[in-house]
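The values are calculated or read from the model by the stated rules, or taken from the named source; none is laboratory data. Everything numeric here is computed off the predicted structure, so don't read it as measured data. Reconstructed Cβ throughout: ideal geometry from the backbone, glycine too, with neighbour counts over all protein chains shown.
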Amino acid sequence: MKRITLLSALLFGFHYFGFSKKISVYDTIILPKIILLGDTLPEIVLDPIEVRATRLGKVNLEEWQMRYLRIVYPYALRTARLSKKVNDDLEKCKTNRQRKHYLDECEKVLRNEFESTLKNLSRKQGQYLIKLINRETGQSVYNLLKEYRSGWKAFWWNFMGKFFQLDMRAEYDPEGEDREVENYIARLEEVYQHDGTIYLIQNEKFNTPIPGQKRSK
């Protein structure tokens, strides 16, 4: 246990600014003392603090896998943020008609902004993206589609996805089969914090409609 002493300058500062005053013997707190360079100073012992190592383990992934994850992880982060915004906006919709109109307009916006890019993802990249969306939102892509559109449409998305080996119900398993992916994502999170990627995603402006208002043509 390390012993940490208060700086004598702090004591002098209190006296200089008039904080010292006469106190009765009953108010006095007697502290242990230590002599440092000829000066007698009060000694305070702090409780021990456990320091744990934060060094990340070695990533056992191929270079192409890490490259794919770097491509799709920002999309998963954007999806999570957009999902929260949509949920917040839906709470402002007063009728089912407003809700339907809002979601229809959102679908048009998302298609214009993301569809062409996402279409160019490979099958494996799509698999990673589906799992990372589950990691960031806590919901499967199937459930997100079901919540925002309809159970029937989500069913067909899942059914069609199987032709491309894409399961919209897939869930992220950081302790099991996705353990190495989680290890690498932890590294990406640190990188994104330092290079500003997280800041940019958190402050990105989505051109989504205003709940209850018709978009001007």
task: Filter segment 66-110 down to residues that are touching a Phe, Trp or Tyr at 6+ places or on another chain (Cβ under 8 Å), farther than 19 Å from K205 by Cα and surrounded by fewer than 18 Cβ atoms within 10 Å (Cβ to Cβ), then give me how many there are.
output: 2
task: Select from segment 138-167 the residues that are within 20 Å of L110 (Cα to Cα), under 19 Å from the mean Cα position of the chain (by Cα) and without any contact (Cβ under 8 Å) to a residue 60 or more places away in the chain and list them in ascending order.
output: Q139, S140, V141
- prompt: With respect to the numbered conditions (1) closer than 25 Å to N87 by Cβ; (2) surrounded by 12 or more Cβ atoms within 10 Å (Cβ to Cβ); (3) assigned by TED's automatic domain parsing to the domain that holds Y68, which one is the sole condition not fulfilled by T208?
  reply: (3)
- prompt: Which of the residues spanning segment 154-187 are among the polar types (S, T, N, Q) and over 12 Å from V141 (Cα atoms)?
  reply: Q165, N183
message: Looking only at segment 88-100, filter to residues that are without any contact (Cβ under 8 Å) to a residue 60 or more places away in the chain, assigned to a helix (DSSP H, G or I) and farther than 30 Å from E189 by Cα; which one of those is nearest to the chain's Cα centre (by Cα)?
response: R99
- prompt: So which helices (runs of 4 or more DSSP H) stay within segment 103-193 end to end and still have 2 or more residues that are among the charged types (D, E, K, R) and modelled with pLDDT of 85 or more?
  reply: 123-137
query: Restricted to segment 36-60, and to residues that are of a type outside the set (V, I, T) and either touching a Leu at 6+ places or on another chain (Cβ under 8 Å) or surrounded by 15 or more Cβ atoms within 10 Å (Cβ to Cβ) (or both), which residue is modelled with the lowest pLDDT?
result: E43
- prompt: Which one is nearest to M168 (Cα to Cα) among residues in segment 89-148 that are among the basic types (K, R) and in contact with an Asp or Glu (Cβ under 9 Å, 6 or more places away or on another chain)?
  reply: K131
- request: Could you check, for segment 71-87, whether at least one of its residues is under 24 Å from the mean Cα position of the chain (by Cα), in the same structural domain as P174 (by TED's automatic domain parsing) and over 22 Å from Y199 (Cα atoms)?
  value: no
query: A170: crowded, with 16+ Cβ neighbours inside 10 Å and either aliphatic (A, V, I, L, M) or more than 22 Å from the chain's Cα centre (by Cα) (or both), yes or no?
result: yes
Condition met for A154 (closer than 22 Å to H101 by Cα and of a type in the set (G, A, S)): yes
